[in-house]
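Nothing in this text is a laboratory measurement; each read-out follows from the coordinates by a stated rule. Keep in mind that what you see is a predicted model, and the values were worked out from it rather than measured. Neighbour counts are summed over all protein chains in view; Cβ atoms, including those assigned to glycine, are modelled from backbone coordinates with ideal geometry.
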Amino acid sequence: RWSNSFSDVYYYKAGSGKLESYAEKYSDIINSVGIIGKANGKLYVEAVWYDATKDTNGSMSFNIAPVNSGFYEIDLASGKMTHIYPYIDGETFIAPNGAVYCNAGYARTQRLVNLVTGKIIPIK
């Protein structure tokens, strides 16, 4: 996403002969999709709506619109994308057991958030 380059994920269903863009398919709610990783037959992604605005100096900034932005899972069999957690800023990763976490380090209290269950783990 650096330099205002948007990300996308494409889905190819065997035998269909075509690629499906998630940023295009869900363009009414998101405009950038980035991969976190794969686990349990699902692809986990961060999907965001970046809203371009001009600041007082006339330069563009891309603010995150939080309404639809967040974390999604894509079922690898059907290609269906489902919202699993609202957007929070931080580093995301998949643990060896397949759990998806975000290290919400920019919050007032640093914590790990399980993005599938919503369980918050405080870090002391």
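Overview of values
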| read-out | value |
| --- | --- |
| Cross-link pairs beyond the 28 Å C-alpha cut-off, checked among LYS80/LYS124; LYS38/LYS119; LYS13/LYS119 | LYS80/LYS124; LYS13/LYS119 |
| Other-chain or far-sequence residues with amide H under 5 Å of VAL116's (modelled H) | VAL100 |
| 5 angstrom amide H check on ILE36, placed H, neighbours 5+ away | TYR44, VAL45, GLU46 |
| Contour minus Cα-Cα distance for ILE29 and GLN110 (0.36 nm per residue) | 26.3 nm |
| Packing rank of 68-80, 10-22, where each peptide gets the mean count of other beta carbons within 10 Å, highest leading | 68-80, 10-22 |
| Where labels lie 7 Å past Cα in the beta-carbon direction, separation of ALA99 and ASP75 in nm | 2.5 |
| Placed amide H near ASP8: partners under 5 Å, 5+ positions off or other chain | VAL33 |
